[in-house]
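Readers should treat all values here as calculations from the given coordinates under stated rules, not as data from a laboratory. What you see is a predicted model, and the numbers here were worked out from it, not measured in a lab. Note: ideal-geometry Cβ built from the backbone for every residue, glycine included; neighbour counts use all protein chains shown.
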Amino acid sequence: MNAFGLAPLLLIFPLIGVLFNGLVGRRFVEFDYGLPGHKGRDIGERWSGWFGTGMALSSLVIAVLLFISLLTNDFHSQIIYMFDWFNIPSAGFHIPWSIQVDTLSVTMMLVVTGVGSLIHIYAIGYMHGDPNFSRFFAYFNLFIFFMLILVSGSSYLMLFVGWEGVGLCSYLLIGFWWDRVDEKGEPMNANAGRKAFVVNRVGDLAMILAMTLLFWTFGSLDFNTVFTSAAELFHHDPQHLVQFGLFSATIGQVLTAVTALFLMGAAGKSAQIPLYVWLPDAMAGPTPVSALIHAATMVTSGIYLMVRSNVLYEIARESGVLVLGLVSSSDLVAYIGAATALVAGLIAFTQFDIKKVLAYSTVSQLGFMVAAAGMGAYVAAMFHLITHAFFKALLFLSAGSVIHGMEHGHHHLHEHGHHDEVKFDPQDMRTMGGLKDKMRTTYVVYMIGALALAGVVPLAGFWSKDEILSHGTANNYAVYIMLAIAAVFTAFYMGRQLKMVFFGEPRHEAAKHAVESVPLMTRPLIALATLATLGGLLNLPFFTEGMAAANHHHPGGIFLGLEGWLEHSVQAFTLSEEGLIHLPHTPIVLSPLVAGLSTVLALGSLALAFYVVYAKKPQTADERDPLQRTPIWWFSILPFETFYSKFVVAPFKRFAHWCGYNLDWYFWHDFVHNRLIRDIFVGFSNFASDILDMQGVDGLVNGAGKTARRLADTIRLSQTGYARNYALSIFLGAVALLAYFLLIAN
């Protein structure tokens, strides 16, 4: 089967959805169908929502056909030419707009369109009644369009178009409810959108610099050309010098700089230290946005970038060049990822917003993927990217179902004359409790997602996280320790969330009257829960050394299926087989010690949160979090309770509070974002506008005009229209010429 010619439809379908909902979708929603009540609007919403969803599903069908085509084509990648984008024959400059169909790009296509389609279906129910229903789906389809450009482009320049496009969509969707304000009257959604936009510009600058270096060095931004040229240059002359005017650098130094800049770009999109500050605030947007863009797809762009650039990272590692003389760019990636996983996991302890906990969890899990890419575990990074898309989209959408249920309960109270003295927050976990009996389906799927995230066997998260931890034990023990601690944190805060949301007694009247969400919202949750349960089958490790020895040369099927699939796109494997580079060791056999230890720690951490720290408290909405004031129960019966409280519990509380508020908020949010990034950006913009533009550019243009006008006014005085004046001018001119020849020429 050959469906490669259908690849352009992958982009055309969501673009049709954008045009439909952007131009006529609102008319469908607001059309008077002559039906009583809200039934007419319901019909219009179905037209608008299902058309946008149909376009996403159509792209999914194309992605599946491309997947089948690769299977029947012995996994040979294809470049599908569409049109000439830039073409300057005199300069030999030609950049086509073309789609690269290989196992890596198709994997991302399936994740984006598959998970995206389920979230589209969910959003039809979630956004019901919103006055800007059709605009929401226009933005959603626009995001799918740009995300598919990002993952399907055959060059870094096409990738960057998608990169900027999804950033724009993120800004539009975070600020979708732009008119909402917080307690202080601040436009929280609009501010969150601006923060995401500005922070991502820092990473985008690094991307532009990296692409500039690549084009200067290789004369192209095409993936295949860059990777082939880099491998050939390094193979024939590892000390090959690249000239940058008065400066020169070896190919290893250039690629180290490029890969370090790619890390900064990925830190912006994939929310890594220090550019993660925008992602928690992005939860102000609608929950389907949080699930699609800020959990399952856009935030994984940085991981895709690094996996796609695996050749550059491994050559930079092989060159021995160090960033600032300290670590290789690959090790820097691994340490940044591990540190992010650890810090974000700790900050999640202090959150009470159900979506904020998941937001910091997303930052932490992205740290796992980044660390895996830094250790050369590219397949493990992609494996966790896929499983994380399943269970984190499930958790965010389930959180949206919980929020819907709480809002319904609150509306029920108002309908019966009950009014809160304080503002009710349907996302505050302290107002929940006891929802497992009110929202049975949401509870079951949320439990599956939480256990998958915690890494409980046999759910998908266990297999992908265990593969990353196994790479850590084989290649970088410091990274392994940080990730293992982060995994313990993950299990604890998910146990805390489960207990506070679904168990115990309701801590607010709204929780007592919460109801299950409509089937249009719960059915996608069931599908995602199925994927979160079975997703580990994509890349099961061998269980024994004997199985590995018998099947290692023929990966595929149920064992190492994803590795056998992706090895055709991860060219570092080929370079390693040719002896050009030494790829870090890839464990392919399940380690009983690593798997057993991680399972015990995960279950122990869940039990600690569920049965010890949050066993009976909080019982009311205004009661303090047990973690903030109560030592773990067994220390309370020991003689050194006071010692423990002062020297263990109190420092931990202060450190967690410091991370959550001082480090995360006051330093990163206020100082770095507001002072260093925003103020410098605004100051330079004002300088460019008021000084350079108005007084410089405008001054030159207006000054030239004024000078010409004054000169014209002066010359105009001589044009009187009288013949005697002109005769006098001729006479004076003749006298001047005679004087010149008599006095000067001689």
Normalising by the residue count of region 273-367, find the relative contact order in percent from Cα pairs under 8 Å and 6+ residues apart.
33
Report the net charge of residues surrounding T574, where surrounding means a beta-carbon distance below 12 angstrom and charges are Lys +1, Arg +1, Asp -1, Glu -1.
-4
How big is the gap, in Å, between the Cα center of region 563-595 and the Cα center of region 335-374?
26
Along principal axes, Cα extents of the chain, largest first, whole Å:
121, 74, 63
Relative contact order (%) - criterion: Cα under 8 Å, at least six apart; region: region 290-420
31
Restricting to Cα pairs under 8 Å and 6 or more apart, the percent relative contact order of region 155-604 works out to 15
Between V589 and A708, how many nm apart are label points set 7 Å from Cα along the C-beta direction?
8.3
Rounded to two decimals, what ratio of Rg to Rh does region 1-154 give with C-alpha atoms and a Kirkwood Rh?
1.10
Quick check: the distance between the Cα centres of region 86-108 and region 460-504, to the nearest angstrom?
39
Could you give the nm distance between label points at A615 and S685, where each point is 7 Å from its Cα heading toward the beta carbon?
5.5
At R0 = 45 Å, how high is the FRET efficiency between F75 and Q239 if r is their beta carbon distance? Nearest 0.05 is fine.
0.80
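Longer than 32 Å from Cα to Cα, which of K355/K512; K269/K436; K195/K706; K355/K617; K392/K512 are they? Say none if no pair is.
Numbers: K355/K512 21 Å; K269/K436 35 Å; K195/K706 43 Å; K355/K617 21 Å; K392/K512 27 Å.
The pairs that break the limit, which is 32 Å between Cα atoms, are K269/K436; K195/K706.
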Quick note on T707, T300, T574, ordering by fewest other C-beta atoms within 10 Å, gives T707, T574, T300
Setting aside same-chain residues fewer than 8 positions from K356, which aspartates and glutamates have a Cα under 14 Å from its Cα?
D281, D425, D428, D664
Cβ-Cβ FRET estimate between K512 and V600, R0 fixed at 45 Å, reported to 0.05:
0.75
Most exposed first, judged by fewest Cβ atoms within 10 angstrom, I273, I174 run I273, I174
Percent of beta bridges antiparallel (DSSP, the chain, rounded to nearest 5)
90
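Once you charge only the Cβ atoms, +1 for Lys and Arg and -1 for Asp and Glu, what is the size of the charge dipole of region 317-410 about its Cα centre, to the nearest 20 debye?
Working: 4 positive and 4 negative charges, 14 e Å.
For this selection, approximately 60 debye.
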Nearest 500 deg cm²/dmol is fine: what mean residue ellipticity at 222 nm does the chain get from its DSSP H runs of n ≥ 4 alone, each adding -39,500 (n - 2.57), divided by its residue count?
-20000 deg cm²/dmol
Can you give me the distance in nm between label points at L209 and I43, each placed 7 Å from the Cα along the Cα-to-Cβ direction?
5.8
Residues with beta-carbon under 14 Å from that of L19, excluding L19: net charge, scoring Lys, Arg +1 and Asp, Glu -1?
+3
Going by Cα centres, region 254-327 and region 155-179 are how many Å apart?
16
Taking GluC sites (Glu not before Pro) as exposed when in a DSSP loop with at most 12 other Cβ atoms inside 10 Å, the chain has its longest clean stretch at 184-420
